[in-house]
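Take a look at the structure below.
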Amino acid sequence: MHEHPTGGIAPVDSSVAHPARVYNAWLGGRDNYLADQEAAELAAAANPQIVPAVRANRAFLGRAVRELTAQAGIRQFLDIGTGIPTADNTHEVAQRLDPRARVVYVDNDPVVLAHARALLVGTPEGATDYLEADLRDVERILTAAQETLDLSQPVALMLVAILQYVPDADDPHAITRRLLDALAPGSHLVLSHPAADIGAEAVAASMRVYNERAADHAGATPRTHAEVTGFFAGTDLLDPGVVELPDWHPGPGDVPAPGLPMWCGVGRKP
């Protein structure tokens, strides 16, 4: 996460890799720079599971949004760490099932903001809004989100492949709790996170390569199954719990892909 020292959002620096743009490169997108492409290629060379994991992560997001919209009746989504828009963004998946669904996207990359304003256009019946903010600025996010979302009603908090960019020193577990504490009972946490205990050597090698080429703010920290499970404290984990990406509610056409280095899960706030 990258806030400018004055408190504003830093301008685009194309000379260093940035998480949203590297992720876009792994997905085969064009909205990235040479530094992002190099970081993406070197990290993927160190750990070839990265690209299939990123694609499986995107598929998990879609399955989770569909499940919560169709089965849990969720109609509000707070998606933090949106990334550069690609196919099947949160509002598209939710509003296909219910055009009245309301989504607030949060990211801190000005490149993401520019694309979001152009592409993240929802249905007339629902609402789609965008907030440029850092994940750690919890109060600002919650205050701005209330312009679009009714926080007295259940919300899906989407923290998909974002918490690895919050170092332990900034206490990502406390940030997650503060966000959840502000949401109504019946809200859900949708979370995925790079694993420190699946293919650990390859994950560590790819993270080192990535962190060497990333901006100072963008260093990534993989975490263990126990650490990722800790993010769901205070929620009731939905079956099958914290699992590898392809194992969370796979569809009939989904092929098992063991060993992808990410954990994921969904929890319900009682």
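The values are calculated or read from the model by the stated rules, or taken from the named source; none is laboratory data. Keep in mind the model is a prediction, meaning the values are calculated, not measured. No Cβ is skipped: glycine too gets one built from the backbone with ideal geometry, and neighbour counts run over all protein chains shown. SASA here: full protein model, heavy atoms, side chains in, ligands and nucleic acids out. Shrake-Rupley method; radii C 1.70, N 1.55, O 1.52, S 1.80 Å.
Of all residues in the range 45-55, those satisfying the criterion of being aliphatic (A, V, I, L, M) and surrounded by fewer than 21 Cβ atoms within 10 Å (Cβ to Cβ) are Ala45, Ala46, Val51. Residues in the range 102-135 that are in a helix (DSSP H, G or I) and at pLDDT 80 or above: none. Pairs are defined by a Cβ separation below 7 Å, a sequence spacing of at least 6 or placement on different chains, a first member in the range 154-177 that is without any contact (Cβ under 8 Å) to a residue 40 or more places away in the chain, and a second member that is charged (D, E, K, R); the pairs so defined are Asp170/Arg136. Within the range 66-82, the residues that satisfy the criterion of being of a type outside the set (Lys, Arg) and not in a loop (DSSP other than H, G, I, E, B) are Glu67, Leu68, Thr69, Ala70, Gln76, Phe77, Leu78, Asp79, Ile80. Considering each residue of the range 214-229 in turn, at least one proves to be modelled with pLDDT of 95 or more and over 25 Å from Pro270 (Cβ atoms). Within the range 150-173, restricting attention to residues that are in contact with a strand residue (DSSP E or B) (Cβ under 8 Å, 6 or more places away or on another chain) and within 14 Å of Gly186 (Cα to Cα), the residue that is most open to solvent (accessible area, probe 1.4 Å) is Gln153.
Scanning the range 71-79 for residues that are among the aromatic types (Phe, Trp, Tyr), open to solvent by less than 40 Å² (accessible area, probe 1.4 Å), in contact with a strand residue (DSSP E or B) (Cβ under 9 Å, 6 or more places away or on another chain) and within 24 Å of Gln146 (Cβ to Cβ) turns up at least one hit. Screening Pro99 on (1) surrounded by 24 or more Cβ atoms within 10 Å (Cβ to Cβ); (2) modelled with pLDDT of 85 or more; (3) not charged (D, E, K, R) shows it passes everything except condition (1). Is it the case that Ala56 is in contact with a Lys or Arg (Cβ under 7 Å, 6 or more places away or on another chain) and modelled with pLDDT of 85 or more? Spelling it out, it is not the case that Ala56 is in contact with a Lys or Arg (Cβ under 7 Å, 6 or more places away or on another chain) and modelled with pLDDT of 85 or more.
Whenever a residue of the range 50-74 is touching a residue at least 60 places away in the same chain (Cβ under 8 Å) and under 15 Å from Arg100 (Cα atoms), it has no partner that is of a type in the set (D, E, K, R) and surrounded by 24 or more Cβ atoms within 10 Å (Cβ to Cβ) lying with C-beta atoms less than 6 angstrom away and at least six residues away or across chains. Which condition number in (1) without any contact (Cβ under 8 Å) to a residue 24 or more places away in the chain; (2) open to solvent by 50 Å² or more (accessible area, probe 1.4 Å); (3) not hydrophobic (A, V, I, L, M, F, W, C) is the one that Asp36 fails? If we test Asp36 against (1) without any contact (Cβ under 8 Å) to a residue 24 or more places away in the chain; (2) open to solvent by 50 Å² or more (accessible area, probe 1.4 Å); (3) not hydrophobic (A, V, I, L, M, F, W, C), just (2) comes out false.
Of everything listed in (1) open to solvent by 10 Å² or more (accessible area, probe 1.4 Å); (2) at pLDDT 95 or above; (3) part of a loop (DSSP other than H, G, I, E, B), the single unmet condition for Ile198 is (2).
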